[in-house]
Amino acid sequence: MEGALWLFLILMLGGALVFWRWGSRSRRANELADARAEAQRWYERLGGQLMNLHGDAPAVRQALADAGERYNAAGSQLEQARTPHQFALARETALEGLAYIRAARTAMGIDPGPELPPLAAARGVGQLTREREVNVQGQTFRAGPQPGSHTPYYYPGGHMQGRPVPAGWYSTPWWKTALGAGAGVIGGMLIADALFSPAFADPGYGYESGYQEGFQDGFGDGQDYGDPGGGDVGGQGDFGGGQGDFAGGGDFGGDFGGGDFGGGDFGGGDW
């Protein structure tokens with residue numbers, strides 16, 4: 001009798017273990033399917049926008065070129081993705097491409113379209129609200145909230161060497177060089193200091209809303225994760241980036257807690 005009871009208990013425990021494993025696998029499969037569908041949705045939206053937009057203005061052409069690069073990178077990541085995290089990286093790449101699409105539409109003078117989920121890489125960096133012009137090592141650098149003949153390069157915002165770089169339009173894509181090695185980093189940091197620090201050639205602007213929070217967030221990311229310039233969307237050309245599976249030196253980096261996928265809004269004041 002006692003032996004039969006032990007056998008019954010063993011069978012019950014075995015059945016519970018099998019059921020738990022089945023449930024765990026089912027949850028993982030559902031999470032993977034959801035992550036794939038979410039990334040695919042934004043990727044297809046990006047592709048549709050690229051097919052329908054054309055423009056000759058330098059700012060429009062540059063923004064569409066950047067969007068096209070991210071479309072190619074997202075497609076490559078989707079082909080290689082095998083985990084929810086990898087699909088999240090592809091989703092972030094597609095979202096950054098759509099940020100460039102919105103910039104191109106703005107440069108064309110048309111409605112930029114609906115707001116996008118916030119980019120994880122741009123949390124706390126804010127955006128430019130006024131034009132700036134500085135001179136660094138004999139070169140003039142400009143930045144502002146709107147595209148123009150002197151500011152044809154859009155940047156959706158991110159962190160560079162622990163410093164927040166706000167979203168806006170720039171005269172040259174200096175952040176790409178700054179994410180490289182050696183002298184490029186030094187030059188990029190000098191430009192960032194001149195453009196955004198009141199103590200360096202910009203005494204009139206001060207620490208506007210969002211800067212200190214963004215700087216502290218970026219500094220913390222740099223302390224915790226090393227160089228935040230190693231982004232999260234694949235090493236395609238001079239942008240992209242990914243923590244881990246799709247690493248590459250790119251325009252943005254950081255973890256993927258934001259947007260629709262991971263929860264939480266990443267605000268940040270205006271510059």
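Quote to one decimal, in nm, the extra length available between residue 26 and residue 40 on full extension: 0.36 nm per residue of separation minus the C-alpha distance between them.
Working: separation 14, 0.36 × 14 = 5.04 nm, distance 2.09 nm.
Roughly 2.9 nm would be gained on extension.
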Practice task
Decide, for the range 82-182, between rounded, prolate and oblate: order the square roots of the alpha carbon gyration tensor eigenvalues as a ≥ b ≥ c, take rounded if a/c falls under 1.5, and otherwise choose prolate if a/b is larger than b/c, else oblate.
Solution key: oblate
Problem - Heavy-atom accessible area order for 70, 123, 61, largest first, 1.4 Å probe - result: 61, 123, 70
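For residue 82 and residue 11, FRET efficiency with R0 = 35 Å and r from the beta-carbon atoms, rounded to 0.05?
Values: r = 36 Å, r/R0 = 1.02.
The formula returns an efficiency of 0.45 here.
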Handout entry: Net dipole in debye of the range 17-85 [+1 Lys, Arg Cβ; -1 Asp, Glu Cβ; about Cα centre; nearest 20]
Key = 500 debye
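When the Kirkwood hydrodynamic radius is evaluated over all pairs of different C-alpha atoms of the range 44-117, what value in angstrom, to one decimal, is obtained? Working shown, then result.
Working: mean 1/r = 0.0804 Å⁻¹.
Evaluated on the range 44-117, it is 12.4 Å.
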Problem - Volume per residue of the C-alpha convex hull in the range 136-180, rounded to whole Å³ - result: 75 Å³
Problem - Intensity falloff of the range 20-170 expressed as log10 I(q)/I(0), Debye formula with alpha-carbon point scatterers, at q = 0.10, 0.11, 0.17 Å⁻¹ - result: -0.42, -0.49, -0.98
Practice task
Could you state the accessible area per residue of the range 25-79 in Å², with a 1.4 Å probe and every protein chain left in place?
Solution key: 57 Å²
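The values are calculated or read from the model by the stated rules, or taken from the named source; none is laboratory data. Bear in mind the structure is a predicted one, so any value in this text is a computation, not a measurement. Cβ atoms come from the backbone with ideal geometry, glycine included; neighbour counts cover every protein chain shown. Note: accessible area is taken over every heavy atom of the protein model, side chains too, but ligands, DNA and RNA are not part of it. Shrake-Rupley method; radii C 1.70, N 1.55, O 1.52, S 1.80 Å.
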